[in-house]
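The values are calculated or read from the model by the stated rules, or taken from the named source; none is laboratory data. Remember, it's a predicted structure, so these values are computed and weren't measured experimentally. Backbone-built Cβ (ideal geometry, glycine too); neighbour counts: all protein chains shown. Note: accessible area is taken over every heavy atom of the protein model, side chains too, but ligands, DNA and RNA are not part of it. Shrake-Rupley method; radii C 1.70, N 1.55, O 1.52, S 1.80 Å.
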Amino acid sequence: METKNIRTSRFENIQYTVSGEGYAVVLIHGFPLDGTIWNEVVDKLSKKYKVIVPDMPGSGGSISRETDLTVEDMAESVRSVLDNEGVSSAVLAGHSMGGYVALAFADLYPSMLKGLVMLHSSAQADSEEKKAQRRKVIELIEKGGKEPFVKQMVPNLFSGSDGKKSYLEGTLETALRTPPGSLVAFYNAMINRPDRTGKLSNNDLAVAWVIGEDDSIIPKSSLIQQTTLTNVNFVYVYKNCGHMSMMEQPDMLMKDLDEFLIYCYDARN
Ligand code: MLT
């Protein structure tokens, strides 16, 4: 795994890792985490593919001082990474907030997208209730409440099944490293993102939906109804899994991602 840093017109530093060779797949992390959440999947996928893992601006090794960040800005940072790698098309797999970024990328650069994986992620915009909840969290964080918020939030990412503790601690550490200003910026980006279900509707883009039976952040019921929006869809629903299949069900995820990638790169052409 090689770590690289680039400066873009918008961001002081975008950090990403590249592993393996072959067709490109980009793994985009969610909130409030960074690219390290994919480590186990990268080990496996990079035996067959070129796996690119960016840190979103303001998380991990990527620096951003923006508070008015948008999902489109984050999509542009992914584009800069692909350009730096000389990659003209890729499958994008976005986890939760990373899925919102991948959908923005699909809007901005459709010809660069070979397929889209929506991991525990939705094409819908926030409801008014959700926006109000997020604004309260922003207030809390701005008053210095980052740590209690993160400590309360992170355990909810996982299902209650056995083994939870083994990855909970590491995930909490990762989340606590994210600066408060970045958490606010990501929440603003999520509040302001548009509904993109219309864009997916009747679209020929191949989309894989990965859904956790026990996801309490983006419930299965709200995702199942989106899985038939596009004309080509793969649907994977995991038992004993909350919002974090890359840690809760890495073997199954690897197998299913491989199936989807084979479709996007071989079967479809
Ligand atoms: C995430 O996991 O990226 C976020 O929890 C998604 C969200 O809050 O909508």
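Some points to look at:
- For GluC sites (Glu not before Pro), the sites in the range 175-269 that DSSP calls loop and that have at most 14 other Cβ atoms within 10 Å are Glu213.
- Surface accessible to a 1.4 Å probe, Asp266 within the full protein complex, Å²: 90 Å²
- R0 of 25 Å, Cβ-Cβ distance Lys151-Lys130: FRET efficiency to nearest 0.05: 0.75
- Using the Cβ of Met254 as centre and a radius below 15 Å, the other residues enclosed give a net charge of -3, where K and R count +1 and D and E count -1.
- Links that overshoot a 18 Å alpha carbon limit, given the list Lys4/Lys114; Lys47/Lys255; Lys114/Lys199: Lys4/Lys114
- Annotation note: trypsin sites (Lys or Arg not before Pro) in the range 52-150 located in DSSP loop regions with a Cβ neighbour count of at most 16 within 10 Å are Arg65, Lys143.
- Taking a straight line from the alpha carbon of Lys143, these lysines sit under 22 Å away, with near neighbours fewer than eight places off in the same chain left out: Lys130, Lys131, Lys151.
- Overall form of the chain per C-alpha gyration tensor (a/c, 1.5; a/b vs b/c): rounded
- Fraction of antiparallel bridges per DSSP, the range 2-267 only, in percent to nearest 5: 30 percent
- Put a plus charge on the Cβ of each Lys and Arg, a minus charge on the Cβ of each Asp and Glu, and nothing anywhere else: the dipole of the range 149-222 about its Cα centre is then about 240 debye.
- Look at the dipole of the range 2-267 built from charges on Cβ: of Asn202, Val25, Ser159, the Cα furthest out on the positive end belongs to Ser159.
- With DNA, RNA and ligands ignored, accessible area of Phe11 (1.4 Å probe; Å², nearest 10): 10 Å²
- Charge context of Leu69, other residues only, Cβ under 14 angstrom, K/R +1, D/E -1: -3
- Annotation: extensible slack from Gln225 through Ala267 equals 12.5 nm (criterion: 0.36 nm per residue apart, minus Cα-Cα distance).
- Between the beta carbons of Glu173 and Arg7, assuming R0 = 25 Å, the FRET efficiency works out to 0.35 to the nearest 0.05.
- Taking the Cα centre of the range 121-269 as reference, the dipole from Cβ charges on Lys and Arg (+1) and Asp and Glu (-1) amounts to some 560 debye.
- Positive-pole candidate from His120, Thr67, Val53, dipole of the range 2-267, charges at beta carbon: Thr67
- Remark: accessible surface ordering of Glu142, Glu85 (largest first) is Glu142, Glu85, probe radius 1.4 Å.
- Evaluated with a Cβ-only charge set (Lys, Arg +1; Asp, Glu -1), the range 2-267 carries a dipole of roughly 300 debye about its Cα centre, given to the nearest 20.
- Residue (of Tyr109, Gly35, Ala132) at the positive-pole extreme of the chain, dipole from beta-carbon charges: Ala132
- Mean residue ellipticity (222 nm) of the chain, computed from DSSP H runs ≥ 4 via -39,500 (n - 2.57), nearest 500: -12000 deg cm²/dmol
- Choice from Glu139, Glu66, Glu40 with maximal GNM fluctuation in the chain (Cα, 10 Å cutoff): Glu139
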